[in-house]
Structure formats: C-alpha cells, structure tokens
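Q: The structure follows.
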Amino acid sequence: MTTSLFDLTGKIALVTGASRGIGEEIAKLLAAHGAHVIVSSRKIDGCQAVADAITAAGGKAEAIACHIGEMGQIDALFDEIKSRHGRLDILINNAATNPYFGHILDTSEAVYQKTVDVNIRGYFFMSVAAGKMMKDQGGGAIVNTASVNGLTPGAMQGIYSITKASVISMTKSFAKECAVYGIRVNALLPGLTKTAFAGALFTNDSIYREAIRTIPMARHAEPKEMAGTVLYLVSDASSYVTGECIVVDGGMTV
C-alpha cells in the first residue's frame with residue numbers, strides 16, 4: 001500500500017551497496033513503492049539475489065555489478081543505464097568501505113587510499129554522472145549514506161570517519177550547486193546499525209558499550225530502520241528538502 005506522496009511509479013532508482021544490509025532494505029522499500037530499482041554492488045551474485053527477491057514480491061528490479069572504487073566501472077554502469085533506460089531519477093550512494101579498524105597512527109597508505117577511493121571519489125563521481133543525467137531530464141534526487149561518525153569520529157575508525165565527514169560536506173556542495181536544475185541532494189547519517197559491514201563494533205564489547213552509551217535510545221538500529229528515511233527523501237513528500245543531513249541513531253530520527 002502506498003500514498004501519492006510516496007508513489008515512485010515510473011521512477012528509475014540506482015542503489016549501490018545493495019546486495020545486503022542498509023542498501024538491500026532501501027532497494028526493497030523503493031521497489032515496494034513502485035520504483036524500478038537497479039541493484040548494484042561489487043559482486044553480481046548478491047545483487048541478483050536481491051533483485052530476484054524484489055521481482056518475486058511483485059516489484060521491478062535488475063542487477064548490475066559495479067565497484068565504485070574503480071572509475072572505469074562507474075563509467076560502464078552509467079553507459080548501461082543510459083542504454084537500458086535513458087534516464088535516472090534516483091541515486092542512492094550507499095556502497096562504502098571500512099578496511100581498517102585500529103589506531104589512526106597505524107593507518108597505512110594503502111588503507112587510506114582504498115577508503116578515500118570508494119567513500120569520497122566514488123561518491124563524488126557517481127553523483128557527477130547521475131547529476132548530469134538528472135540535469136538533462138529536468139531533475140532527480142540523490143541520497144548519500146554518510147554516518148554519525150562524520151559528525152563525531154568513531155573510536156578506532158579514523159580514516160573512515162574522515163571520509164564520512166567529507167560525504168556530509170559533499171552533500172551540501174552538490175545540493176547548493178544542483179538545486180537550480182531541480183536536483184535534490186541529501187544525506188542519511190546512520191548511527192550504530194547492526195550490519196555485516198559494522199561487524200567489528202558488535203564483536204568488541206567495550207566499544208559497543210561505549211557506542212550504546214552515547215545513543216539517546218540506548219539501542220542499536222536494524223538496517224530496515226534506515227530505509228523509511230530514504231524513501232521520504234526521494235519522494236514528493238520532501239520535494240523542497242535539499243542539503244539536509246538526517247541522523248538516524250538507534251532507530252530514532254533526529
């Protein structure tokens with residue numbers, strides 16, 4: 001069941017990092033509200049499993065693999081989208097990497113470069129490619145998955161936190177310059193969310209307890225709790241919202 005405010009019928013939506021976790025839940029919810037969802041991540045098998053689940057539930061979806069840390073793969077992805085659909089209405093930049101969990105002074109150059117390539121360069125050029133398509137067609141919506149770590153750095157997550165702070169600034173920059181083209185750009189800032197991606201936080205009791213202590217509701221969130229905020233941000237319900245960075249911490253939007 002949907003309402004006109006949240007009806008995405010006829011919209012083409014690209015969700016990266018959609019083979020599991022938060023991205024999977026976003027992809028499924030957008031499809032449930034009528035969008036044709038392009039499920040993307042590094043490995044095609046995981047993407048196809050999510051796309052198949054969406055179609056089995058009566059939605060529309062397809063799977064296209066893309067590693068957003070590789071510029072050539074970003075170009076190939078958008079060439080494919082143009083060829084198949086000729087337009088893109090929604091981009092959810094959700095793919096990310098966090099290859100290092102440890103003291104910031106021990107961050108290697110390789111870890112630094114990998115994190116920056118995906119979390120900053122990848123988001124930036126995905127947004128550029130999507131933004132150019134949206135400009136030509138008269139508008140669209142982009143949502144970047146940042147993190148509360150972009151506001152307050154997480155313990156032992158230095159370079160990851162730095163890149164997520166960059167995503168917040170990037171969101172505001174794109175929003176400011178692209179609004180004239182009818183392109184809305186916003187960010188989702190998840191708090192502690194139980195995903196495979198955040199596994200290190202859930203296996204370290206002391207860090208988990210410290211993280212929970214700072215959350216107003218004193219609980220971690222589940223991936224599906226992030227999806228509703230994204231649906232709002234890409235729908236007509238938020239047609240005047242751009243440049244906003246919405247925190248979802250412990251299942252509570254603040």
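Just so it is clear, none of the values below were taken in a lab; they were calculated from the coordinates. Quantities reported herein were computed from a predicted structural model and do not represent experimental measurements. Using ideal geometry, Cβ is built from the backbone for each residue, glycine included, and neighbour counts are taken over all protein chains shown.
Q: So what is Rg over Rh here for the stretch 1-94, counting just Cα atoms and using Kirkwood for Rh?
A: Expressed as Rg/Rh, it is 0.95.
Q: Report, in listed order, any pair from Lys135/Lys164; Lys28/Lys114; Lys11/Lys224 with a Cα-Cα distance greater than 24 Å.
A: Pairs exceeding the cut-off: Lys135/Lys164; Lys28/Lys114.
Q: Across all directions of projection, what mean area in square nanometres is found for the Cα convex hull of the stretch 104-183?
A: On the way: hull surface 21.0 nm².
Computed as one quarter of the Cα hull surface, the answer is 5.3 nm².
Q: Taking the highest mean first, how do the peptides 13-23, 129-139 order by number of other beta carbon atoms within 10 angstrom per residue?
A: 13-23, 129-139
Q: Can you say what percent of the DSSP beta bridges in the chain, counting only those with both residues inside, are antiparallel? Round to 5.
A: 5
Q: Let me ask something else about it. Which aspartates and glutamates, on any chain, are close to Lys132 with Cα under 20 Å apart, when same-chain ones fewer than 8 places away are left out?
A: List returned: Glu70, Asp75, Asp79, Glu80, Asp89, Glu177.
Q: What ratio of Cα Rg to 2.2 N^0.38 Å holds for the stretch 1-46? Each step should come with its number before you reach the end.
A: On the way: Rg = 10.9 Å, N = 46, 2.2 N^0.38 = 9.4 Å.
Rounded to two decimals, the normalised Rg is 1.16.
Q: When averaged across all projection directions, what area in nm² does the alpha-carbon convex hull of the chain cover?
A: The orientation-averaged projected area of the Cα hull of the chain comes to 12.9 nm².
Q: Further question: Pick out, from Ala51, Val247, Phe125, the residue whose Cα sits farthest towards the positive end of the charge dipole of the chain, with +1 on the Cβ of Lys and Arg and -1 on the Cβ of Asp and Glu.
A: Val247
Q: Have a look at Asn93, Leu233, Leu30 and report the one farthest towards the positive end of the charge dipole of the chain, computed about the Cα centre with Cβ charges (Lys/Arg +1, Asp/Glu -1).
A: Positive-most Cα among the choices belongs to Leu233.
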